Ligand SMILES: *Cc1c(COP(=O)(O)O)cnc(C)c1O
């Protein structure tokens, strides 16, 4: 057995992995083209040409729609803004419930609260970390109006089953595909078969513009409503318009970001291809380590590995996962324990965002405490068994992936001795 770095032995990987950075001269040229033009945005919060934004924004949106094979792509200054616009575009009555996963980034659920709607959390699948369709129906009430799915870590949720439930119960469907741009779900891209889907373009993601986001939809009316919310729509509509009053924002993307986004979009296929193959390589390398559950890729899916998410199986002692994290980190492998359980944030426990009266939850008679046992899988994964590698934080080459595998094998030998005999 080799001496672990945590016990004073040599590290498997002494140097840090290269930071993920796909920028080159092409992004620089795109940004300077805009700066030289002197026109860094052409949006106007009024009807007319300026309502749709400048040349780069419109060209980027056309290219996004072509790439994702959708009728409309609408850019935003972040995907958080895009999510808020998407939920707002549905025009749901105040106090409606929207089902959402707790295993996601916080904006997935706060976008719901922004419209005085109530997020109701649905537990996740143990192996994919996505919303578990079999847990949805018990959460439906007469107030449920929509489902917000997240395609977490880089693969689509189980959409055929979720769409079936949505149809049966007349629910709208939004996909937060921030972490899965370009992931395939059978013949479609993740995010494109819901009423609205979309992707983040912030600097953590596969492709980015610093900050930014894009919503995709095949529905003309939802596209128009999102554009209204993006750009001070209350100043644009008149009494004859779309049957929905509008509370607008300024969620607009600038020309520099759009110009950079166009270059980044052209790189998306090669970036996700690299992540997918590296993920598969690591998965097959780690597959036979006892008690380790490697990422499961569901039928019909490709996986773009925003995160390489794993968990430990079997009865766990409180120290097992921590031992692995500490030992792997000491070998130079950046694994982290736990992800998100957003229902546990103070916001959802205290419900005091608009003062002490628990609005908007207080609109309904329901008890919106999210019991510990109710979201069993999410809670157990987060507290006890889940750990992962942020694949989009690094630019790996194949020798890096091999070293990750080497480190796992080295640590596992000791782990087995310590915990499994
Ligand atoms: C990154 C992310 C967001 C938010 O996107 P921003 O562009 O940072 O606002 C939302 N949901 C998920 C799942 C994300 O990973």
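Structure notes:
- Label zone (residue 160, point 7 Å along Cα-to-C-beta; backbone nitrogen cut-off 17 Å) within the stretch 117-135: 132-134.
- Build a GNM of the chain with springs between Cα atoms under 10 Å apart, and of 326, 383, 238 the one that fluctuates most is 238.
- Here 331, 52 are placed in order of increasing Cβ neighbour count within 10 Å, fewest first, which gives 52, 331.
- Helix 398-419 and the longest principal axis of the Cα set of the chain meet at an angle near 60°.
- Rough spin-label spacing in nm, given labels placed 7 Å along Cα→Cβ, for residue 204 and residue 416: 3.5
- Spin-label model, residue 393 to residue 347: label points 7 Å out along the Cα-to-beta-carbon direction sit 2.2 nm apart.
- When only Cα pairs below 8 angstrom with a gap of at least 6 residues are kept, the chain shows a relative contact order of 23 percent.
- Rounded, prolate or oblate (a/c below 1.5 giving rounded, otherwise prolate when a/b exceeds b/c) for the stretch 266-384 by Cα gyration tensor: prolate
- Label point at residue 319 placed 7 Å out along Cα→Cβ; residues across the stretch 333-352 whose backbone nitrogen lies under 19 Å: 337
- The stretch 104-180 versus the stretch 35-58: alpha-carbon centroid distance in Å: 34
- Label point distance in nm, residue 63-residue 239, each placed 7 Å from Cα along Cα→Cβ: 4.5
- In the chain, the DSSP beta bridges split such that about 60 percent are antiparallel, to the nearest 5.
- Rounded tilt (10° steps) of 255-286 against the dominant C-alpha axis of the chain: 30
- Within a Gaussian network of the chain (alpha carbon springs, distance under 10 Å), most fluctuating of 47, 86, 407: 47
- Ascending count of other beta-carbon atoms within 10 Å, so fewest first, for 172, 293, 58, 230: 58, 293, 172, 230
- Cα convex hull volume per residue for the stretch 278-331 (Å³): 105
- Of 412, 79, the sequence from fewest to most neighbouring Cβ atoms within 10 angstrom is 412, 79.
- Anisotropy class of the chain from Cα gyration tensor, a/c 1.5 cut: oblate
- Here r is the Cβ-Cβ distance between residue 221 and residue 364 and R0 is 22 Å; the resulting FRET efficiency, rounded to 0.05, is 0.20.
- Springs join every pair of Cα atoms under 10 Å in this Gaussian network model of the chain, and among 327, 223, 18 the largest mean-square fluctuation is at 18.
- Inter-part distance where the stretch 342-402 and the stretch 62-87 are each reduced to a Cα centre, Å: 25
- The stretch 139-298 shape via C-alpha gyration tensor axes, a/c threshold 1.5: oblate
- Contour excess over end-to-end distance, with Cα ends at residue 137 and residue 336 and 0.36 nm allotted per residue: 68.4 nm
Read-outs throughout are calculated quantities, based only on the coordinates presented, and are distinct from any laboratory measurement. Please read all numbers here as calculations on a predicted model, not as lab measurements. Here Cβ is always computed from backbone atoms with ideal geometry, including for glycine, and neighbour counts include all displayed protein chains.
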